[in-house]
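Presented below is the structure to which this report refers.
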Amino acid sequence: MTVLDTTSSRGRLLQSARQLFAENGYEGTSTASIARMAATSESQLIKHFGGKAGLLEAVLVTGWNEVLPRIKASLTQETSALEKLRRIPRAFGDALEATPDLRVLVLLEGRRIRKEGRQMTLTDGFTGYVELLDEILTELETTGVLRPSLSKEAVRSAIVGMTEGALRDRVLAERTKHSPYTAEQLGQVVDALISAITLRSAAAA
């Protein structure tokens, strides 16, 4: 977990909100309960974040800034762009598994920010994740590994959407004590998608 400055009311509010949003959900968490856990006032919450929606956004921003370095670190041992592409959805899942509270927030509550029209998709962390995928796909396109009939932007969107959706379904299924598939099975689907969008002869060259 990102180390927050708990000597400041802002840091304590972020820390408390992350815990309570993950435990009780956005709707089930009041600003009063967040302020109480943070040992501060609701007026401080309004001052720093403008309200509960702004606080959730700030929690997700700091969370993405925690996840992205984990993803990048997991790619350092991969030497080829194709192997990095195979690894990155797994790295995303692994990074979220390492931070259970953030996993719940990114996969379940992050959609709320986008629904309300706030620019969550433009935070540095998420943008960095997208840029990382684009960099890998550009290399595959340049070297002739990516099928030339495919748009790399569409491929990137498919990978992001599939990975996020599948991980979200796992979180929801776990709440009923019945996970429909394992992380390894999800990885096999990722591999199947990547095989479909790449040219084997070029990849083997």
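Kindly provide the helix-only [θ] at 222 nm of the chain, computed as the sum of -39,500 (n - 2.57) over DSSP H runs of four or more divided by all residues, to the nearest 500 deg cm²/dmol? Each step should come with its number before you reach the end.
Details: 11 runs with 144 residues, N = 205.
Taken over the chain, the calculation gives -22500 deg cm²/dmol.
For the chain, with only Lys/Arg (+1) and Asp/Glu (-1) charged at the beta-carbon, what is the dipole magnitude about the Cα centre, in debye rounded to 20? Don't skip to the end; give the middle numbers.
Details: 26 positive and 25 negative charges, 81 e Å.
Around 400 debye, computed over the chain.
Based on the alpha carbons, how large is the Rg to Rh ratio for segment 60-204 when Rh follows Kirkwood?
Working: Rg = 15.4 Å, Rh = 15.9 Å.
A ratio of 0.97.
Got a sec? How would Thr143, Thr40 order by Cβ neighbour count within 10 Å, fewest to most? Numbers along the way, then the final one.
Details: Thr143 14, Thr40 19.
Going from sparsest to densest Cβ surroundings: Thr143, Thr40.
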Positive end of the dipole of the chain, charges at C-beta (+1 Lys, Arg; -1 Asp, Glu), about the Cα centre: which of Asn24, Gly125, Gly93 has its Cα farthest in that direction?
Asn24
Choose one of Ala173, Ile159, Val106: the residue whose Cα lies farthest towards the positive end of the charge dipole of segment 60-204 (beta-carbon charges +1 Lys, Arg; -1 Asp, Glu; about the Cα centre).
Ala173
Would you work out which of Leu199, Gly187, Thr40 lies farthest towards the positive end of the dipole of the chain? Charges go on Cβ: Lys and Arg +1, Asp and Glu -1.
Thr40
For a quick check: with amide H placed at 1.01 Å from N, whose amide H comes under 5 Å from Thr198's, ignoring anything fewer than 5 positions away on the same chain?
Arg147
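How much length is gained on full extension from Ala173 to Glu139, taking 0.36 nm per residue of separation minus their Cα-Cα distance?
On the way: separation 34, 0.36 × 34 = 12.24 nm, distance 3.62 nm.
Residue separation times 0.36 nm, minus the Cα-Cα distance, leaves 8.6 nm.
By count of other Cβ within 10 Å, fewest leading, how are Phe126, Phe21 ordered?
Working: Phe126 21, Phe21 24.
Listing Phe126, Phe21 from fewest to most nearby Cβ atoms yields Phe126, Phe21.
If you rank Glu57, Glu135 by fewest surrounding Cβ atoms within 10 Å, what's the result?
Values: Glu57 21, Glu135 11.
The most exposed by this proxy come first: Glu135, Glu57.
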Segment 124-205 shape via C-alpha gyration tensor axes, a/c threshold 1.5:
oblate
If the elastic network links every pair of Cα atoms under 10 Å, which of Ala58, Ala22, Ala183 fluctuates the most in the Gaussian network model of the chain?
Ala183
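With Cβ to Cβ distances under 10 Å as the rule, what net charge do the other residues near Val59 carry (K, R +1; D, E -1)?
Numbers: positive: Arg18; negative: Glu57, Asp101, Glu109.
Residues close to Val59 contribute a combined charge of -2.
A short reminder: the numbers here are calculations on the coordinates, not readings from a lab. In this text, all values refer to a predicted model and were calculated from it rather than measured experimentally. Reconstructed Cβ throughout: ideal geometry from the backbone, glycine too, with neighbour counts over all protein chains shown.
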